[in-house]
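Remarks on the structure that follows.
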Amino acid sequence: MTGQVSLDRMDWRILQLVQDEFPLLPLVWDAVGTRLGISAQDALLRVRRLQEAGFIRSIAPVLESALVTSRSSTLIGVRVPAGRLREVAAIISAYPGVSHNYERHHEFNLWFTLSAPDTEALDAILLEIQKKTRIGADAFLDLPIRRKFKIDVRYTMDPGRGGTHHGCD
Amino acid sequence: MDAIDRAIVMRVQDGIPLVDHPFADVAREIGIPEQEILARIERLRNEGVIRRFGARINNRRCGFTANAMIAWKVPEERVEEVGGLFAGNPGVTHCYERKIIPGRWEHNVFTMVHCQSENDVNHLVEQLANMAGVPDYLVLISGEEFKRTVSVRITGDTEKAEV
């Protein structure tokens with residue numbers, strides 16, 4: 001776990017800027033600093049601290065799956081018996097093809113995304129998971145995508161409430 | 001994508017180094033000029049291979065602790081229209097149509113929303129339902145996060161398609 005770190009208004013402004021408009025320039029930190037009225041060194045140090053404290057996962061390209069990979073993927077919902085959620089989640093998370101795995105408050109209480117080289121491989125992994133978890137196929141929902149309408153994972157920062165319980169001046 | 005594009009993406013897909021001149025450092029590692037690396041990233045972005053380049057935010061850490069998947073039951077002939085409406089809402093980060101399983105799961109359109117409280121989630125969902133005129137939906141609030149990794153990655157082998 002990451003500890004308590006208090007963010008000031010400038011930190012929140014930096015988070016918003018490096019999410020929305022990260023400059024693709026040789027002097028990135030000068031560009032960020034100029035936009036916010038701070039020095040390049042201060043900009044870099046703040047971004048470093050925000051990443052070390054876990055507010056930023058990474059600064060990286062977000063790739064379009066259809067253009068960089070030919071893998072098949074699906075979303076699976078599972079009805080896990082009460083009391084077995086963590087155990088079953090651990091079995092599922094161990095597969096490298098599982099990228100997201102969440103508890104959700106519903107009769108189907110565990111949902112994960114799975115990818116594999118093709119649909120046959122997907123089905124094989126699914127069967128193996130059913131065997132390993134001893135949960136029957138009737139407790140699994142296999143819901144592959146038919147149409148994509150939107151993927152745009154960006155947030156509007158709210159310094160007043162987000163992040164920590166203190167230190168937001 | 002050629003071999004150099006691929007080398008660049010593989011090097012930066014888990015994050016650029018947080019140093020004074022990140023692109024110069026990566027360029028030196030790969031053995032090309034800094035201007036070329038920037039031009040190639042720009043080109044990949046224009047081609048749509050890179051959807052965006054920037055910080056991936058840890059939403060829970062930044063206060064977005066009420067996250068939900070909403071599954072909507074949308075008549076087949078309205079999916080295109082409703083999908084477009086949901087996609088146009090800035091509070092929606094993902095919107096997909098998924099296959100149904102007749103008799104077991106018939107909610108076919110999925111959206112993800114990220115808010116600061118469950119109250120905000122419910123408010124946003126009501127707004128979406130009214131706007132699209134879709135009264136039949138399920139709100140699945142996220143509980144524990146067991147795993148979260150970057151799902152779209154380039155790997156060293158040859159499984160990805162050439163662009």
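Quick note: the coordinates plus some simple rules give every number you see, no bench work behind them. Because the structure is predicted, anything quoted here is derived from the model rather than measured. We place every Cβ from the backbone using ideal geometry, glycine too, and count neighbours over all the protein chains shown.
Numbers for the structure displayed
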item: Ranking of A:29, B:105, A:111 by count of other Cβ atoms within 10 Å, fewest first; result: B:105, A:111, A:29
item: Members of A:132/B:73; A:132/B:99; B:73/B:99; A:132/B:147; B:99/B:147; A:148/B:99 lying beyond 21 Å, as alpha-carbon distances in this model show; result: A:132/B:73; A:132/B:99; B:99/B:147
item: Cut-off under 5 Å, modelled amide H: who pairs with residue A:98 long-range; result: A:115
item: Amide H partners (placed H, <5 Å) of residue B:57, local residues excluded; result: A:57
item: Taking only Cα atoms of chain B, radius of gyration then Dmax in Å; result: 20.1, 58
item: Residue range of chain A that is longest and free of GluC sites (Glu not before Pro) which are both DSSP loop and sparsely packed (at most 16 other C-beta within 10 Å); result: A:22-106
item: Which of B:95, B:115 has the fewest Cβ neighbours within 10 Å, and the rest in rising order; result: B:115, B:95
item: Gyration tensor (Cα) of the protein assembly as shown, equivalent ellipsoid semi-axes in angstrom; result: 34, 25, 20
item: Charge dipole (debye, nearest 20) of chain A; +1 at Cβ of Lys and Arg, -1 at Cβ of Asp and Glu; result: 220
